[in-house]
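Since the structure comes first, as structure tokens, the remarks are kept for the end.
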Amino acid sequence: MSIMKLTATTAVLAALTATSATARDNVQVAGSSTVLPYASIVAEAFGENFDFPTPVVESGGSSAGLKRFCEGVGENTIDIANSSRPIRESDIALCTENGVNDIIEVRIGYDGIVFASQIDGPAFTAFEASDIFNALGATVLVDGEVVANPYTQWAEFNAELPAADILAFIPGTKHGTREVFEDKVLLQGCEDTGAMEAMMAGGMSEDDAEDACIEVRGNGITVDIDGDYTETLARVDTNPNGIGVFGLAFYENNTDSLKVATIGGVEPKTETIASGEYPVSRPLFFFIKKAHIGVIPGLKEFAEFFISDEIAGPSGPLSAYGLVADPELSDTQATVANEDTL
């Protein structure tokens with residue numbers, strides 16, 4: 001570590017310690033709307049079972065949560081960022097710039113990305129990644145040529161899908177769900193249809209072709225949802241042809257109004273995600289600001305409680321709400337106990 005970095009870090013920690021006598025007494029958490037219900041359940045249980053105040057848990061999206069997390073060190077900044085995507089180098093750079101140098105990564109388990117529609121709507125019951133790409137991609141492959149997407153109905157490119165207008169409510173760019181949707185659905189579909197190969201054959205670099213593959217069409221056919229899944233559900237409820245992108249846990253709590261599609265013939269559920277059979281799944285995380293441990297009361301205790309076998313294990317309450325337990329949970333428990341940083 002350079003002398004300059006060491007000096008800056010020491011100054012930040014000293015400032016934090018100086019305010020510790022009057023530091024707030026509750027843990028503050030923000031970030032992913034996917035992790036939100038799990039974190040809220042744990043926060044309530046923590047408040048009921050420990051001599052610490054119930055942590056305050058807010059949503060806002062993975063990127064927004066990490067941005068707040070990286071604003072700096074001190075009681076006016078959050079302690080934990082929830083995220084449905086891994087932390088990026090750009091996040092770490094922002095943190096470092098603002099004196100947040102020690103970050104503990106905590107993987108809480110896994111979740112699936114599902115496509116669901118009105119329970120009484122058209123029969124969107126089976127998808128391949130290629131179908132989603134052909135419906136939503138800005139440019140697609142038609143008769144060997146890469147063209148602006150001409151499709152208006154699902155049956156136009158797959159006769160087994162309904163002759164219903166294409167309309168999809170997808171997570172906005174600040175959501176970690178969007179990154180998984182792009183990488184594991186749009187990009188995969190682009191490759192499967194041959195569109196990516198055609199783009200590169202036409203002179204695009206691989207990076208430019210990947211960017212083109214994940215670009216979605218507009219004109220009201222795809223609608224970015226910047227709020228949480230309840231907003232997506234409301235849109236699907238009022239649009240019979242609408243398809244929404246949800247986390248598995250949210251869908252499982254709304255099966256009275258939604259029906260889910262298979263991807264590649266595999267139904268999204270805990271067993272298929274745990275086995276890796278379902279192709280659109282992702283790890284879920286939260287990130288701890290190590291400098292706040294020992295200053296904000298209950299921070300480490302809350303983190304250890306969250307990932308305990310009793311809470312995040314296969315028989316814990318989070319499993320009942322759709323979290324797929326991490327087979328390597330004991331390693332994560334050791335990371336938090338030892339306060340190991342990235």
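The values are calculated or read from the model by the stated rules, or taken from the named source; none is laboratory data. What you are looking at is a predicted structure, and each value in this text was computed from that prediction instead of being measured. Here Cβ is always computed from backbone atoms with ideal geometry, including for glycine, and neighbour counts include all displayed protein chains. Accessible surface areas use protein heavy atoms only, side chains included; no ligands, DNA or RNA. Shrake-Rupley method; radii C 1.70, N 1.55, O 1.52, S 1.80 Å.
Could you tell me which residue out of Leu329, Val57, Ala234 lies farthest along the dipole of the chain toward its positive end? Charges go on the beta carbon: Lys and Arg +1, Asp and Glu -1, centred on the Cα centre.
Result: Val57, furthest along the dipole toward the positive end.
Under 5 Å between amide H atoms, partner at least 5 residues away or on a different chain: which partners does Ile225 have, H built in plane at 1.01 Å?
Under 5 Å from the amide H of Ile225 lie the amide H atoms of Ile170, Gly172, each far enough along the sequence or on another chain.
What residues qualify as long-range amide H neighbours of Gly60, i.e. H under 5 Å apart, gap of 5 or more or another chain, H built at 1.01 Å from N?
When sequence neighbours closer than 5 places are left aside, the close amide H contacts are Gly31, Ser33.
Run the dipole for the range 214-293 about the Cα centre, Lys and Arg Cβ at +1, Asp and Glu Cβ at -1, nothing else charged, and hand back the magnitude in debye, nearest 20.
That gives a dipole near 300 debye.
Which peptide among 37-48, 118-129, 58-69 comes first, and what is the full order, when sorted by highest mean count of other Cβ atoms within 10 Å?
So the order, starting with the most tightly packed, is 58-69, 37-48, 118-129.
If I require 15 Å or longer along the helix axis, counting alpha carbons, and a Kyte-Doolittle average no lower than -1.0, what helices from the chain are left? Use full DSSP H segments.
Span-like helices, by this rule, are 3-18, 36-49.
Leaving out same-chain residues fewer than 8 places away, which lysines sit with a Cα under 23 Å from that of Lys174?
Candidates past the 8-residue exclusion: Lys67, Lys184, Lys289.
Can you give the relative contact order of the chain as a percent, counting alpha carbon pairs under 8 Å and 6+ residues apart?
27 percent
Please report the carbon-and-sulfur percent of the accessible area for the chain; probe 1.4 Å, protein heavy atoms only, DNA, RNA and ligands left out.
Reported share for carbon and sulfur atoms: 49 percent.
Within 10 Å, count the other beta carbons around each residue, average over each peptide in 143-156, 257-270, and list them highest first.
257-270, 143-156
Per residue, what accessible area does the chain have, given a 1.4 Å probe and all protein chains present, in Å²?
Result: 43 Å² per residue.
Ranked from highest to lowest mean number of other Cβ atoms within 10 Å per residue, what is the order of the peptides 219-225, 180-186?
Most protected by this proxy first, the peptides run 180-186, 219-225.
Which percent, nearest 5, of DSSP beta bridges in the chain are antiparallel?
65 percent
Let me spell out the model: positive unit charges on the Cβ of Lys and Arg, negative unit charges on the Cβ of Asp and Glu, origin at the Cα centre of the chain. What dipole size does that give, in debye rounded to 20?
Magnitude of the dipole: close to 880 debye.
Could you pull out every residue, at least 5 positions away or on a different chain, whose amide H is within less than 5 Å of the one on Ala138? Hs are placed 1.01 Å off N in the peptide plane, and Pro or chain starts have none.
Glu215, Val216, Arg217
Considering only protein heavy atoms, with the full assembly of protein chains and a 1.4 angstrom probe, order Tyr110, Tyr321, Tyr229 by accessible area, largest first.
Tyr321, Tyr110, Tyr229
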